[in-house]
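Please read the structure below before turning to the comments.
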Amino acid sequence: MSLTDSTGHRPEIVLYAYDFAPNCQKVIRFLKLFRIPHKYVKVPPIQPRPDYAAVDITYRRSPLLSIDADLYVDTSLIIEKLLDIAGHLKLYAGDCTNHIAFDALGAQMFPYCGKLIPRSHPNMNDSHFVRDRQLIHGGAKEAFDPDTIAKGRPDSLQQFDSWLHRIEKDMLAGKQYFLGGDLPSTADFYVWYLIDWILVDMGNSRLDLTPEKYPVISQWCKRIHDLMDESVVQNYTWEDAKKTLLSPRSREYVKFVEHDQDNYLGLSPGARVSVTPKDNGKEPQDGELITLGKRQLCIRNKSGIAMHFPVINYDIVQIDQ
């Protein structure tokens, strides 16, 4: 399977992630389901990340994804960009429309899924991991407390169980996939990846939520899981990826992001800005503004890397010169 476009250029796609996190699994599963060849750099699951620091990447959330020398931040923007690639290069035979309303549905389920991580999981018993997760959510102990999460498991199971009932009885009634057809779309994907992560990766949830209880969902999950193409991923080293990130910029994708001259922040290209998530992992990323569009903004960090962020859910503040 080739990523070569009509000009003969073959973009290098690299995912920077770690296996445990649901947001990382969201992109890992997306790349395999939509059959996009890529390279995989495994990064530390907690801070510090000295390889990032060495090239002035202070944004702390995972995953990140690079396409050639451009670096994309936030799963929403990453998937939006990958859908463009999958559709343009006809890598996936199904619907490549971004059915984003179903991502909002997945976001409603997300908090309960996160609280179904087994208390026995090694990360839940690693004080460094636990403290790192507390810092992501503001630093307080109660922000991520394994014992509190374990005590709340019955409520999380009740909520998750109710979602599964709705999906089985309402969304999959008489259909293989949410929107019909013979192949899943992003409508399925945005909900499936979470359920699959809980029932497959966090497997002891099966003690409570068995395939027999929800046969339609179990079959739906298996159909989609079996479509994932494991051959599209190649393990890669940070040192090799860094060479591309820091390579001469003869081809950059920021030029396709039109700057909104009438943006309400009054920002112009060349301004020094700080970009910070509004919800969690509030580590600012500073850089020189390249463009601020309706959907995304692009900055260049001190190492010269063009970084793409979604506009939605990010604070963009000009830094005094």
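Things worth noting here:
- Among the listed pairs 81/255; 175/213; 115/213; 42/243; 90/255, no Cα-Cα separation exceeding 25 Å is found.
- Computing Cα extents along the principal axes in Å for the structure here picks out one of (1) 59, 49, 40; (2) 64, 51, 47; (3) 71, 41, 40, namely (1).
- For region 258-273, putting each phi into the Karplus relation 6.51 cos²θ - 1.76 cosθ + 1.60 with θ = phi - 60° gives couplings of 6, 6, 8, 4, 9, 4, 6, 8, x, 9, 10, x, x, 5, 7, 10 Hz, in residue order, rounded to whole numbers and with x for Gly and Pro.
- Solvent exposure of the chain, expressed per residue, is 47 Å² of accessible area, with all protein chains present and a 1.4 angstrom probe.
- Computed on the chain, with alpha-carbon pairs under 8 angstrom and 6+ residues apart, the relative contact order is 23 percent.
- Accessible-area order (highest first, 1.4 angstrom probe) of the listed residues 252, 142, 288: 142, 288, 252
- Alpha carbon centroid spacing (whole Å) that separates region 250-321 from region 70-104: 21 Å
- Sorting the segments 149-156, 96-103 by their mean number of nearby beta carbons within 10 angstrom, highest to lowest, gives 96-103, 149-156.
- When you restrict to C-alpha pairs under 8 Å that are six or more residues apart and normalise by the size of region 30-123, the relative contact order lands at 22 percent.
- Shape of region 92-131, Cα gyration tensor, a/c cut at 1.5: prolate
- Nearby lysines by direct alpha-carbon distance to residue 282 (threshold 20 angstrom, same-chain neighbours under 8 apart not counted): 141, 302
- Gaussian network model of the chain, Cα within-10 Å springs - most flexible of 58, 148, 186: 148
- Helical mean residue ellipticity (222 nm; -39500 (n - 2.57) per DSSP H run of 4+; nearest 500) of the chain: -10000 deg cm²/dmol
- Contact order relative to length of region 67-192, as percent, for alpha carbon pairs under 8 angstrom and 6 or more apart: 33 percent
- Accessible area of the chain belonging to carbon and sulfur atoms, whole % at 1.4 Å probe: 51 percent
- Per-residue Karplus couplings for region 141-150, computed as 6.51 cos²θ - 1.76 cosθ + 1.60 with θ equal to phi - 60°, are listed in order as 4, 5, 5, 7, 10, x, 5, 5, 4, 5 Hz, Gly and Pro entered as x.
- Using the Karplus relation 6.51 cos²θ - 1.76 cosθ + 1.60 with θ = phi - 60°, the per-residue 3J(HN,Hα) values for region 291-299 come to 7, 10, x, 6, 9, 9, 10, 10, 10 Hz, with x marking Gly and Pro.
- Prolate/oblate/rounded label for region 1-111 (Cα gyration tensor, a/c 1.5): oblate
- Annotation: amide H-H contacts under 5 Å for residue 229 (H modelled 1.01 Å from N, sequence separation of 5 or more, or interchain): 33, 35.
The values are calculated or read from the model by the stated rules, or taken from the named source; none is laboratory data. Just so you know, these numbers come straight off a predicted model, no measurement behind them. Cβ atoms come from the backbone with ideal geometry, glycine included; neighbour counts cover every protein chain shown. Side chains included, ligands, DNA and RNA excluded: accessible areas come from the protein's heavy atoms. Shrake-Rupley method; radii C 1.70, N 1.55, O 1.52, S 1.80 Å.
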